[in-house]
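Peer 1: Got a structure for you, questions after.
The values are calculated or read from the model by the stated rules, or taken from the named source; none is laboratory data. Remember, it's a predicted structure, so these values are computed and weren't measured experimentally. A quick note on method: Cβ atoms are made from the backbone with ideal geometry, for glycine too, and the neighbour counts reach across all protein chains shown.
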Amino acid sequence: MQVLKNQRNLLFTIDLKGNLIMRHLVWFTAAAALAALFCPVAQADEGMWLFTSFPKAEVQKRHGVQVSDEFLRHMQMSAVRFNSGGTGSFVSPEGLLFTNHHVGADCIQKLSTAGSDFMKNGFLAKAQAEERACPDLEVNVLASIEDVSAKVKAAASASQAPAEANRLRKAAMSEIEKACNASTGMRCDVVTLFSGAQYHLYKYKKYTDIRLVFAPEFDIAFFGGDPENFTYPRYDLDIAFFRAYENGKPAKVENYFKWSKTGAKDGELVFVPGNPGSTGRLQTVTELEFQRDVAFPLTLRRIESLINTLQAYMSQGEEQHRVGNDNLFGQQNSFKAISGFNRGLNDPKLMSKKRADEQDLRKRIASNPEQREKFGKLWDELSTAYGSYRGYYARYTLLESGATRGSALFAMARGIVRYATQTKKPNAERLREYAETALPAREQAMYSPAPITPQMETAVLADYFAFIAKELGANDPLVAKILDRKTPRQAAEMYVNSSKIIDIAERKRLAADPAAVAASEDGMIRLARMIDGPALELRKKVEDEVEGVVTRAAAQIAQARFDLSGGTEYPDATFTLRVAFGPAKGYKNDQGKNVAWATTFSGLWPKGTGKAPYVIPPSWLKAKAKLNPSTAFNFVSTADTHGGNSGSATLNPKGEVVGILFDGNIEGLPNRFVYTDETARSVHVASQGIAEALKFVYLADNLLKELGLN
């Protein structure tokens, strides 16, 4: 599942609910940028391309398909970013949105109750009046892009210390966003590209009234469950439909994707506009080794512990299983993805290639006096920064970037504490996620009426306490203060049971008043206050000693890389809109067997065992005789996608929907670092399979009519 989940699944980037997530993964370092100075333009169908620099000539040459500016603009305005962590697209002029079930699962779970379990049983609104409003979902349409590199860079001089320069650039970004929002009313985000060589201002039209229209049963949306996640062949109907509303009425949109009447075809070129989360293709050996030896192992231990806790909680009963299912899914998805990334970094061939490329580059620089003077000390600076980072990375991660993993209540408490203090500061001095333009999305999440289950929160929090006691030591002063001579379970019960922030009015009261936060005896607020001081100190240390050094060095050379490429390079992913392309194409797996480009309905039935995760829903069994066994169900392409692309519409050269991306195969996970299309594939649901399921399984006549398929 290629998704960036919310605060329960901290994986790739700074999520839009404000959690700082493994930020070393999204820094594009100076050495990496410099390495690319000597690399050729992306080969094969590689690339997560900016809409402002799409390689039209290469696509024409390679595939015989002409891509016009009008086509690119239409894709840009029809695709949307789901701020729950994925992508979607408009597919009708009435604001109908198409995405993955697992991208929409956060909303589907929050709308479910014990008596109406939409995750388990699915949901279909037969009329617009039956559509259900999501409690805290926002989607964004990228309306325009402006280069603000000069404004951001002018905020800091070359003579300033890296830490101070880093703060000044961030302050400038916040002020640019504030001015943009004031003049346009749009959501405005300054996006860092090419390691800080470029800064683009993205202006988004945002929709905050999003309603559920259709979702299939979880059993068919995620058929095969965790065992088949990141695998292929697959048999999943991983789709959902929502609708954007404005002023209480369905949004009227000019740009939307029409549905193909013929569907996906073997060998046909497809385009995938979406929001990949982050990649590390330009990272140095120092950074890759840091992730392999330090970051990934800690994260995997943390997630594995949480998975075990959630499974134990869910085994207590049917209601516990319902409540914990989406949380467990997110953790298992993260664990499998990061395991795949780390497997790539432990591949001697991949690392040997990275080392050889870097050594060759350093020799070239050493032979040129001017380059040696400018770039020669770069690796030593990075080595020093990351060498120091190793000493406090675990503490930083466990207290700051990964502290709220799995816990909606702890994330809420931290958000309240920080909101109360940060919003009283000048805009330029705030943490970036509390800048004025970020507050509406933060407030929507913080005051969400979504249900919170204290029993699950207690279990998750107890797991966190036990984990930090193990990793940091039970005698660590902060750990001892948190536990207060109690067991992890007892401490968790105390904090959760003495908290009132499940009540929205109490959240608003506290968030509005720093004094009220400081004096509060609420258990979760006390916990958040206890951790917040040390966490923010560590965050500042990381920003000053690591991020500041990396950004300073990168800014000097990444622009050279971009200039030398003539603008034909693409930056690493940033959970902003990109477009990928590649043909629908099978491959030969590790066992030497040919894997067909598509699966069909006929392959689903033999896999059904009646036991999770291979349960075929009753609706499908009832409709079996009506489904054409040869209809394409899932298919693969060479399109270069990554986490966050989930829900991206898959388009033919006419711009018609022929599918939707929902996963990648296990062979493709190392594509985070090095792209290859030998066996790596993106996995999609075929549009013809979707249409047939809507018609015969779900009898969704109104939905089919709106898609133009009646």
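Peer 1: Does region 197-204 contain any residue that is touching a Cys at 6+ places or on another chain (Cβ under 7 Å), among the polar types (S, T, N, Q) and closer than 27 Å to Pro440 by Cβ?
Peer 2: no
Peer 1: Separate question: Given the criteria out of contact with any Phe, Trp or Tyr (no Cβ under 9 Å at 6 or more places or on another chain) and more than 30 Å from Gly324 (Cα to Cα), does Ser92 qualify?
Peer 2: no
Peer 1: For region 175-231, give me each residue that is closer than 26 Å to Lys252 by Cβ and among the hydroxyl-bearing types (Ser, Thr, Tyr).
Peer 2: Ser183, Thr184, Tyr202, Tyr204, Tyr207, Thr208
Peer 1: Looking for something free of Cβ contacts under 8 Å to residues at least 12 places away in the same chain, among the polar types (S, T, N, Q) and out of contact with any Asp or Glu (no Cβ under 8 Å at 6 or more places or on another chain) - is there at least one such residue anywhere in region 392-403?
Peer 2: No, there is no match, as no residue in region 392-403 is free of Cβ contacts under 8 Å to residues at least 12 places away in the same chain, among the polar types (S, T, N, Q) and out of contact with any Asp or Glu (no Cβ under 8 Å at 6 or more places or on another chain).
Peer 1: Here is a follow-up. For Ser630, indicate whether it is closer than 21 Å to Asn333 by Cα and hydroxyl-bearing (Ser, Thr, Tyr).
Peer 2: no
Peer 1: For Gln316, all conditions in the list (1) closer than 26 Å to Ala680 by Cβ; (2) part of a loop (DSSP other than H, G, I, E, B) hold save one; what is the number of the exception?
Peer 2: It is condition (1) that Gln316 fails.
Peer 1: Still on this structure, please answer the following. Provide a single number: the residues in region 292-322 that are among the small types (Gly, Ala, Ser) and surrounded by 20 or more Cβ atoms within 10 Å (Cβ to Cβ).
Peer 2: Total meeting the criteria: 1.
Peer 1: Within the group Glu433, Glu381, Glu471, Glu457, which residue is closer than 30 Å to Gly185 by Cβ and acidic (Asp, Glu)?
Peer 2: After applying the criteria, what remains is Glu433.
Peer 1: Return a yes/no flag: does region 409-431 have any residue that is crowded, with 24+ Cβ neighbours inside 10 Å and of a type in the set (D, E, K, R).
Peer 2: Yes, there is a match, as at least one residue in region 409-431 is crowded, with 24+ Cβ neighbours inside 10 Å and of a type in the set (D, E, K, R).
Peer 1: Among the residues that make up region 72-84, is at least one of them buried (at least 16 other Cβ atoms within 10 Å of the Cβ) and modelled with pLDDT under 95?
Peer 2: Yes, some residue in region 72-84 is buried (at least 16 other Cβ atoms within 10 Å of the Cβ) and modelled with pLDDT under 95.
Peer 1: Here's a follow-up. Out of the residues in region 673-710 that are at pLDDT 95 or above, under 23 Å from the mean Cα position of the chain (by Cα) and not aliphatic (A, V, I, L, M), state the one that is farthest from Arg355 (Cα to Cα).
Peer 2: The residue in question is His684.
Peer 1: In addition: Scan region 197-218 for residues that are basic (Lys, Arg) and more than 30 Å from Asp147 (Cα to Cα) and report the count.
Peer 2: Within region 197-218, residues that are basic (Lys, Arg) and more than 30 Å from Asp147 (Cα to Cα) number 1.
Peer 1: If you take the residues in region 96-146 that are in contact with a strand residue (DSSP E or B) (Cβ under 6 Å, 6 or more places away or on another chain) and without any contact (Cβ under 8 Å) to a residue 60 or more places away in the chain, which one is farthest from Asp663 (Cα to Cα)?
Peer 2: Glu146
Peer 1: Further question: On the given criteria, is Phe218 among the hydrophobic types (A, V, I, L, M, F, W, C), crowded, with 23+ Cβ neighbours inside 10 Å and in contact with a helix residue (DSSP H, G or I) (Cβ under 6 Å, 6 or more places away or on another chain)?
Peer 2: Against the criterion (among the hydrophobic types (A, V, I, L, M, F, W, C), crowded, with 23+ Cβ neighbours inside 10 Å and in contact with a helix residue (DSSP H, G or I) (Cβ under 6 Å, 6 or more places away or on another chain)), Phe218 qualifies.
Peer 1: Could I ask something else about it? Any residue in region 235-256 that is polar (S, T, N, Q), out of contact with any Asp or Glu (no Cβ under 7 Å at 6 or more places or on another chain) and part of a loop (DSSP other than H, G, I, E, B)?
Peer 2: Yes, there is a match, as at least one residue in region 235-256 is polar (S, T, N, Q), out of contact with any Asp or Glu (no Cβ under 7 Å at 6 or more places or on another chain) and part of a loop (DSSP other than H, G, I, E, B).
Peer 1: Inspect region 409-419 for any residue being in a loop (DSSP other than H, G, I, E, B) and either of a type in the set (A, V, I, L, M, F, W, C) or in contact (Cβ under 8 Å) with a residue 12 or more places away in the chain (or both) and give the result as yes or no.
Peer 2: Taking every residue of region 409-419 in turn, none turns out to be in a loop (DSSP other than H, G, I, E, B) and either of a type in the set (A, V, I, L, M, F, W, C) or in contact (Cβ under 8 Å) with a residue 12 or more places away in the chain (or both).
Peer 1: Also, quick follow-up: Quick check on my filter: what residues within region 270-289 are modelled with pLDDT of 95 or more and surrounded by fewer than 23 Cβ atoms within 10 Å (Cβ to Cβ)?
Peer 2: Glu289
Peer 1: Quick check on this structure: which one of Leu694, Leu703, Leu699 is within 23 Å of Leu621 (Cβ to Cβ), of a type in the set (A, V, I, L, M, F, W, C) and surrounded by fewer than 18 Cβ atoms within 10 Å (Cβ to Cβ)?
Peer 2: Among Leu694, Leu703, Leu699, only Leu699 is within 23 Å of Leu621 (Cβ to Cβ), of a type in the set (A, V, I, L, M, F, W, C) and surrounded by fewer than 18 Cβ atoms within 10 Å (Cβ to Cβ).
Peer 1: Now a separate question. With respect to Asp360, determine if the residue is of a type outside the set (A, V, I, L, M), assigned to a helix (DSSP H, G or I), under 30 Å from Phe118 (Cβ atoms) and out of contact with any Cys (no Cβ under 7 Å at 6 or more places or on another chain).
Peer 2: No, not satisfied.
Peer 1: Taking into account only those residues within region 85-105 that are within 13 Å of Leu703 (Cβ to Cβ) and of a type outside the set (Phe, Trp, Tyr), which is surrounded by the most Cβ atoms within 10 Å (Cβ to Cβ)?
Peer 2: Out of the qualifying residues, it is Leu97.
Peer 1: Being assigned to a loop (DSSP other than H, G, I, E, B), over 21 Å from Arg301 (Cβ atoms) and basic (Lys, Arg): is that true of Lys500 here?
Peer 2: It is true that Lys500 is assigned to a loop (DSSP other than H, G, I, E, B), over 21 Å from Arg301 (Cβ atoms) and basic (Lys, Arg).
Peer 1: Filter region 442-495 for residues that are at negative phi, among the small types (Gly, Ala, Ser) and outside any helix (DSSP H, G or I) and give the result.
Peer 2: Residues satisfying the conditions are Ser448, Ala450, Ala474.
Peer 1: Something else about it: Taking the options Arg405, Arg395, name whichever one is crowded, with 23+ Cβ neighbours inside 10 Å, at pLDDT 95 or above and farther than 22 Å from Thr192 by Cα.
Peer 2: Arg405
Peer 1: If you go through region 443-457 one residue at a time, do you hit one that is closer than 16 Å to Arg509 by Cα and among the aromatic types (Phe, Trp, Tyr)?
Peer 2: Scanning region 443-457, I find at least one residue that is closer than 16 Å to Arg509 by Cα and among the aromatic types (Phe, Trp, Tyr), so the answer is yes.
Peer 1: Could you list, in sequence order, the residues of region 627-642 that are buried (at least 24 other Cβ atoms within 10 Å of the Cβ), out of contact with any Leu (no Cβ under 9 Å at 6 or more places or on another chain) and among the hydroxyl-bearing types (Ser, Thr, Tyr)?
Peer 2: Thr638
Peer 1: Within region 156-190, which residues are free of Cβ contacts under 8 Å to residues at least 60 places away in the same chain, under 15 Å from Ala435 (Cα atoms) and either hydroxyl-bearing (Ser, Thr, Tyr) or crowded, with 21+ Cβ neighbours inside 10 Å (or both)?
Peer 2: Correct list: Ile176, Val190.
Peer 1: Identify, please: which residue in region 557-582 is surrounded by fewer than 19 Cβ atoms within 10 Å (Cβ to Cβ) and touching a helix residue (DSSP H, G or I) at 6+ places or on another chain (Cβ under 9 Å) and is, among those, modelled with the highest pLDDT?
Peer 2: Here the answer is Thr568.
Peer 1: Looking at Arg509, Arg526, Arg430, which is the one that is of a type in the set (D, E, K, R), touching a helix residue (DSSP H, G or I) at 6+ places or on another chain (Cβ under 9 Å) and without any contact (Cβ under 8 Å) to a residue 12 or more places away in the chain?
Peer 2: Arg509
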